[in-house]
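Report on one structure; see the data block that follows.
The values are calculated or read from the model by the stated rules, or taken from the named source; none is laboratory data. Remember, predicted model here, so these are calculated numbers, not experimental data. Neighbour counts are summed over all protein chains in view; Cβ atoms, including those assigned to glycine, are modelled from backbone coordinates with ideal geometry. The accessibility values were calculated without ligands, DNA or RNA, using every heavy atom of the protein model including side chains. Shrake-Rupley method; radii C 1.70, N 1.55, O 1.52, S 1.80 Å.
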Amino acid sequence: MKLNDKQRTLLVGLVAFLVVAGLGTLNFLKFRERSGLTAQIERYLAEEQVATAKIKQIPELREKRAKLMNIIDEYAEILPKEEHVQHETFMEIIDGYRQDTKVIIQKAEYVKVKEDEKAPKQENFIRHRYRFKLLGTVPDFIEFADRIENHTRFLKVDAVNIKPLGTMDESGEDLGEKADDQELAAASEPVKEIELTVSTYTYSRGQVKKIGS
């Protein structure tokens, strides 16, 4: 089929349009792909910069870690050993500070940690708490508590609750059945019922242990 001049012109124009449209679409797709690659490259460059910055910090972080380890070691030196916080041994230590103060230890118990505080850890500082029920005068108790906090190993008074019990004369009267001890009978100050909570820590490096176990 022969085409006249007008038809040939239209055909040439259509072919040219399709070629231009095709090239335009191809360029658009290539441009979009290039934009995506450029954005990805920029992300990689940003990540590289962050990584480079972190790498530069490694010597400083190592130095900080070494300092922290030294601090931990220093703290560990002033903490009691595991055997020193066992009930019988710990009671002997506390009773030694009670001597000559006329403070009476009525009850002593280990305070267990809550279940949600128990978690396996590496390099543990493990807290140990004891609660005491005492009888004594405030001056004697202050002396007793001061001796505890000046212990050669770390001990800390966490809480104190002082309740009035009564006033005792030298004969030991007016305190009821709770105050028939000879040490309290000699007190001239009002005798109090005192609840004392004391805590300390032990440290075990590199062992998986449960707090309170």
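See the values below:
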quantity	calculated
Chain lengthening between Leu11 and Asp146 when straightened (0.36 nm per residue, less Cα-Cα)	37.9 nm
Carbon plus sulfur fraction of accessible area for region 1-103, probe 1.4 Å, in percent	61 percent
Cβ-defined net charge surrounding Arg131, 11 Å radius [Lys, Arg +1; Asp, Glu -1]	+1
Segment Leu23-Lys163, extension gain: residue separation times 0.36 nm, minus the distance between their alpha carbons	41.0 nm
Mean Cβ count within 10 Å, highest first, over the residues of peptides 140-150, 36-46, 83-93, 191-201	191-201, 140-150, 83-93, 36-46
Contour minus Cα-Cα distance for Val50 and Tyr110 (0.36 nm per residue)	16.6 nm
Estimated FRET transfer efficiency when R0 is 45 angstrom, pair Glu88-Ile58 (beta carbons, to 0.05)	0.40
